[in-house]
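My questions will all concern the structure given below.
The values are calculated or read from the model by the stated rules, or taken from the named source; none is laboratory data. Values in this document were obtained by computation on a predicted structure and should not be read as measured data. Cβ placement follows ideal geometry from the backbone for every residue including glycine, while neighbour counts extend to all protein chains displayed. Surface accessibility is based on the protein's heavy atoms, side chains included, excluding ligands, DNA and RNA. Shrake-Rupley method; radii C 1.70, N 1.55, O 1.52, S 1.80 Å.
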Amino acid sequence: MNIKSAFAGALASLALAGAATFPALSQDTTRVLRVVAPWEITGLDPARSGYIFARMQIAETLVGADNGGLPEAAIAQSWSVSADGRTWRFVVRTGTTFHDGTKLDAPAVAASLNRAKANAAGMLANAPIVAITAEGDEVVFALSRSFSALPAFLAHSSAIVLSPTAYDPSGNVARIVGSGPYRATVVEPPLRVEAERFLEWRGHAPAIARASYLAVPRGETRAAMAEGGQADLVYVVPPEAAARLQRNARLILDVQAVPRTRLLKLNAAPPFFDDVRVRQAVSFALDREGIAHAILRSPATRATQLFPPGLAEWHVPDLAPLENSLPRAQALLAAAGWRPGRDGILSKDGNRFAVTLRTFSDRPEQPPMAAAIQAQLRDVGIDVTIAIVNSGEIPAGHQDGTLQMALFARNFALVPDPIGTMLQDFGPKGGDWGAMNWSSPVMEAALTALAAPTSASARARARGDVARLLHAELPVVPIAWFDYAVAINRRVEGASVDPFELSYRLSSMRWAP
């Protein structure tokens, strides 16, 4: 199956459209477009903070994604796949360079992606890649089996392509040298990145000359910065501030439903959550409607299942919705052998049902949600201690086995095809942000089928199997879907929100006259 010509045609159309509509360069090189978001820069490695450098358009991936999640050209201008689905060839654009002047060619891309593949925390480690090599102007992927989702995996931020000079002699990332329309000038983890437009970029140079990123974990602080004009783009506006910002004449509040779900991650190892009846009891104990109304100020975000309606191919309309029922929760806990003690807290085999729930304040709604969950689980005899931690302590707790419960929001389309996140979260070994000490042969079979080029009906059946199994087994417990609120200062024009959160799209913006 050769798809080079189709993408070449699409590229030509995009080029003509871009030539006609791209904004003129700003001559003001001192004015800075200021981006504020909650996410800290936890390191230079793409597997840790690549999404910051991808969103700021400092680094690029081999393949991108359009608003519908379909693959589109990026560093690769076209690609093709062999008849057996096991060899993919990506043609790298010629005549382009990294920000340091190093040639951006197939060998440099292959070397960067081989480093990404070797990182167990990155997305490429979950793909059946045997080898990544360079042949002429092509990057060639040899796979152990057919894998139709490869282009989506290559759009993930952990697969950003960096210059050979970005690495130290040990192969670790020492500096960020990408190939995007903006070039990093300052990178100061954990809070700050500054960038300037890269005039030698292969496309139209950005209209805005300079941009900065600042990590501000406190939601109310971000909202105040939007109101006070200290930021031009503020991501993840807290629900309690959204209505106030919407009334501000100097701001535009863009609110979109995105394929992200707030959920509880449960450690399914003994003694607490290994029994599916206990996990189901936790789900029945939660008042999702109350949380969505009182804390999130968005009743429609109450999660009735893991996948929101926006993920139409994964959302199963006929699934019985997740409900709040204390009697059913108590009956399930009793059936699992848990009995209340004098203080009302359950115990079994000498284990008092006392667990720690980890969450973080980068998303301001999470601590109050954790407090609500704590109270609701107390009503069925589960004693929850809340630990407000750095977000990195959740994957660390998964790895060292100390995590018991965690509350966070998971985006199922950071890889534009959700199969990428599914493989990362619910494979045989689980995942840092997915299942912990839970696996299923049914899940393995369904995910394998989804990663192979099967018929549309077979893929639909497999997606349904995944959704129904997670709904029944609850290795993660859905609480609320996600409205993504971004405050945009009216002095900026051309801003838009990427539903897959791959880019802030800075290069399409301009200063208002």
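Kindly indicate the residue of the range 448-506 that is at pLDDT 90 or above, in a helix (DSSP H, G or I) and of a type in the set (A, V, I, L, M) and also surrounded by the most Cβ atoms within 10 Å (Cβ to Cβ) among those meeting that condition.
Filtering the range 448-506 for residues that are at pLDDT 90 or above, in a helix (DSSP H, G or I) and of a type in the set (A, V, I, L, M), the one surrounded by the most Cβ atoms within 10 Å (Cβ to Cβ) comes out as Leu506.
Looking at the range 30-78, which of the residues that are in a helix (DSSP H, G or I) and aromatic (Phe, Trp, Tyr) is modelled with the highest pLDDT?
Phe53
Now for a separate question. Tell me, please, whether a residue that is over 26 Å from Ala54 (Cβ atoms) and at pLDDT 95 or above can be found in the range 195-210.
Checking the range 195-210: not a single residue is over 26 Å from Ala54 (Cβ atoms) and at pLDDT 95 or above.
Can you pull out every residue in the range 380-417 that is of a type in the set (Gly, Ala, Ser) and either free of Cβ contacts under 8 Å to residues at least 40 places away in the same chain or closer than 30 Å to Pro151 by Cα (or both)?
Ala387, Ser391, Gly392, Ala396, Gly397, Ala409, Ala413
Now for a separate question. Do the conditions hold for Ile252, that is, is it among the β-branched types (Val, Ile, Thr), at pLDDT 95 or above and under 14 Å from Ala409 (Cβ atoms)?
Judged against the criteria, Ile252 is not a match.
Which residue pairs have Cβ atoms under 9 Å apart, sit 6 or more places apart or on different chains, and have a first residue in the range 302-316 that is of a type in the set (D, E, K, R) and a second that is open to solvent by 40 Å² or more (accessible area, probe 1.4 Å)?
Every condition considered, the pairs that remain are Arg302/Glu289; Arg302/His293; Arg302/Pro321; Glu313/Arg459; Glu313/Ala460.
Next question. When the range 390-443 is examined, which residues are found to be open to solvent by less than 50 Å² (accessible area, probe 1.4 Å), part of a loop (DSSP other than H, G, I, E, B), under 20 Å from Asn119 (Cα atoms) and out of contact with any helix residue (DSSP H, G or I) (no Cβ under 6 Å at 6 or more places or on another chain)?
Ser391, Gly392, Leu414, Gly427, Gly430
Could I ask something else about it? How many of the residues making up the range 354-370 are open to solvent by 20 Å² or more (accessible area, probe 1.4 Å), within 27 Å of Trp338 (Cβ to Cβ) and within 20 Å of the chain's Cα centre (by Cα)?
The total comes to 1.
Can you tell me how many residues within the range 377-389 are among the small types (Gly, Ala, Ser) and either in a loop (DSSP other than H, G, I, E, B) or open to solvent by 30 Å² or more (accessible area, probe 1.4 Å) (or both)?
1
I'm trying to understand the selection: among the residues of the range 229-241, which are on the phi < 0 side of the Ramachandran plot and open to solvent by less than 20 Å² (accessible area, probe 1.4 Å)?
Hits for the range 229-241 are Ala231, Asp232, Leu233, Val234, Tyr235, Val237, Pro238, Ala241.
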